[in-house]
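Worksheet: the structure to be examined is printed underneath.
The values are calculated or read from the model by the stated rules, or taken from the named source; none is laboratory data. The structure displayed is predicted, hence computed values, not measured ones. In this analysis, Cβ positions are derived from the backbone assuming ideal geometry, glycine residues included, and neighbour counts consider all displayed protein chains.
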Amino acid sequence: YSKVILLHNEYVTKKEFGAITSHPNVVYLYPNALYAEVKTDYSKNTITLVRGHNYPSKEIRNGFDWKFDNSKLEYDRDCKKIQFNRIDNGWMLNCYPENIIHKSLKFLEAIKNL
């Protein structure tokens, strides 16, 4: 794909994290994406937290120690100063767009043009 649009994918496996962060053109549409590492067991239908959210120790925030962690921005739900910021493998939105995504054609056009 020439562009991957990522939603609020907060819990991902190490393999998913690697695939997403190695793609050259990702649009990170929601803050707090790629925040916690999980493992899956499809035979038992379980997902288990491996790292992140202060687990397995209190000082661990982002489970991948990702340098582009923007979790603090998820609390800006007004998006009054909305912008996409360039990062190594794409674009990252600076607010939580849930309240505008379905109302703004201009916003959707901006995503398309990234």
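Candidates 69, 65: the one that is out of contact with any His (no Cβ under 6 Å at 6 or more places or on another chain), in a loop (DSSP other than H, G, I, E, B) and surrounded by fewer than 16 Cβ atoms within 10 Å (Cβ to Cβ) is 65. Hey, any hits in the range 89-103 for a residue that's under 23 Å from residue 1 (Cα atoms) and modelled with pLDDT under 95? Checked the range 89-103: at least one residue is under 23 Å from residue 1 (Cα atoms) and modelled with pLDDT under 95.
When you look at residue 14, is it of a type in the set (Lys, Arg) and more than 17 Å from the chain's Cα centre (by Cα), yes or no? Judged against the criteria, residue 14 is not a match. Is at least one residue of the range 31-47 among the acidic types (Asp, Glu) and within 8 Å of the chain's Cα centre (by Cα)? No, that holds for no residue. Among the residues of the range 81-93, those that are under 19 Å from residue 20 (Cβ atoms) and not acidic (Asp, Glu) comprise 84, 85, 86, 87, 89, 90, 91, 92, 93. Cβ-Cβ distances below 6 Å connect the following pairs, each with a first residue in the range 57-72 that is over 20 Å from residue 95 (Cβ atoms), a second residue that is part of a loop (DSSP other than H, G, I, E, B) and small (Gly, Ala, Ser), and a separation of six or more residues or different chains: 63/52. Selection over the range 81-100 of residues that are in a loop (DSSP other than H, G, I, E, B) and free of Cβ contacts under 8 Å to residues at least 12 places away in the same chain gives a count of 1.
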